């Protein structure tokens, strides 16, 4: 009887640089890890590679000036509205805000309150009741300063209102803030709008298109084509981008589909096993303390092999053990449960089970697992190897 189920290993690789042969590096690192650590490859094991090193190796970079150039081409007027930037952060939002400020003379930034769409708080929900502020109120910057001036992010300790003002003004651009949860409010200040939300971008754009907007774009429509020899992303544009240096921005990976197939092919040749491959970014989970939903990328996985499509066909062991086989124990219970799993797995291919787990997509589940294992610091494991994820009790 097998005593270990799913195992997750962080795979150390060389530090990835632009134009590196990432497929070969990942495969060589995985083979070396297997030889040194003594684990075997199995069909339907999974190798995940963080999007950060994919974008870096393919050289998918743009400059702040590239952002400014594209903004100028799409917004000829010098005053633009920036709607619901998400996430409000130095790493994600600040780099392209700098490019926007470099392109125009004035930015009206509308922020939702008390938090953005992924849970980054400007101030605590309880403060609304304290100051008798309703969710449908509109706050000016003067209103904000009266009640919340100097408020800092719980995790970073940054006063983002001041931080972004300083950043914009250094580019000789004026900024005014409004705080409102109705996207239509920004049209009272300017009719030229850049929708900067991630997950609600299409909804917000549609609302404004039906409310008298003049020019409107979303972040996935900025740098969705190259500016000269710049990087670009045809589907996500600036979404999923990260700061590389003060003047360089790394975009979401563009060549992931080719990469995952290349790695799968190389591993098949070397191991004889069909190993699934995926690119992962932010995991899809919510921090229970800070209430921040981690997913700031447009998707968890921008590219993956075919075997990772769909949702799991799992059933809840505790349910069938406590109900169908409540009178059994020990080996007799185990054998009965294994038989039931085999029966359900056969009958539920491509379906959801009424006794199953929450039907999240496989790539979202595994991508979140990869993100938690990889971390974003100094672990040095941009590749994550998962063995036995698709195994179950009946596979003993």
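Values for this structure:
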{"item": "Taking 135, 79 and counting other C-beta atoms within 10 Å, the order from fewest to most", "result": "135, 79"}
{"item": "Cα gyration tensor shape for region 30-174, rounded if a/c is under 1.5, else prolate or oblate", "result": "oblate"}
{"item": "Footprinting exposure proxy for 29, 197 (fewest neighbouring C-beta atoms within 10 Å first)", "result": "29, 197"}
{"item": "Normalised convex hull volume, region 179-263, alpha-carbon set, Å³ per residue", "result": "144 Å³"}
{"item": "Separation of the residue 74 and residue 211 label points, Cα + 7 Å toward Cβ, nm", "result": "2.0 nm"}
{"item": "Counting DSSP beta bridges with both ends in region 75-185, the antiparallel % (nearest 5)", "result": "20 percent"}
{"item": "Anisotropy class of region 244-309 from Cα gyration tensor, a/c 1.5 cut", "result": "oblate"}
{"item": "Region 61-250, Cα convex hull volume normalised per residue, Å³", "result": "107 Å³"}
{"item": "Whole-Å distance, taken between Cα centres, linking region 75-130 and region 186-235", "result": "14 Å"}
{"item": "Rounded to 5, the percent of DSSP beta bridges in region 61-250 classed as antiparallel", "result": "30 percent"}
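Every number in this text was worked out from the coordinates using simple rules, so none of it is lab data. Because the structure is a prediction, the values reported are computed rather than measured. Quick reminder, even Gly has a Cβ in these numbers, built from the backbone with ideal geometry, and neighbours come from all protein chains shown.
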